[in-house]
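Every number in this text was worked out from the coordinates using simple rules, so none of it is lab data. All of these numbers come straight from a predicted model, not from anything done at the bench.
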Amino acid sequence: SPFWKLLYERSKEQGDMLSARNYASKAIEADPNDIPLKYEYADLCINAGKYKEAGETFEQIFRLCPERTEARTEALKWG
């Protein structure tokens with residue numbers, strides 16, 4: 001949803017990474033095929049110490065786009 005993505009981007013610009021992560025999660029729920037946002041969300045999770053969540057997100061990316069082998073590597077690293 002553009003609404004959640006807008007809130008995510010605003011929070012990120014303001015340096016509120018906790019809110020940014022929450023809004024990114026909601027935006028992904030609304031549009032599970034937004035691969036670039038999934039990468040950003042995974043990075044936010046890593047920076048927040050949420051490694052399992054990051055690994056799961058990279059695994060989702062790999063399942064949607066098997067040609068993105070780096071996502072599989074990251075899933076194994078963080079998951």
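Below are the figures for this structure:
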| read-out | value |
| --- | --- |
| Percent of alpha-carbon pairs separated by more than 16 Å within the chain | 45 percent |
| Helix 17-30 vs. the chain, principal-axis angle (Cα, 0 to 90°, nearest 10) | 70 degrees |
| Tilt relative to the chain, helix 51-64 - C-alpha long axis, 0 to 90 degrees, to 10 | 70 degrees |
| The chain: angle of helix 2-13 to the longest principal axis, Cα-based, in degrees nearest 10 | 80 degrees |
| Contact order normalised by residue count of the chain, Cα under 8 Å, 6+ apart, percent | 21 percent |
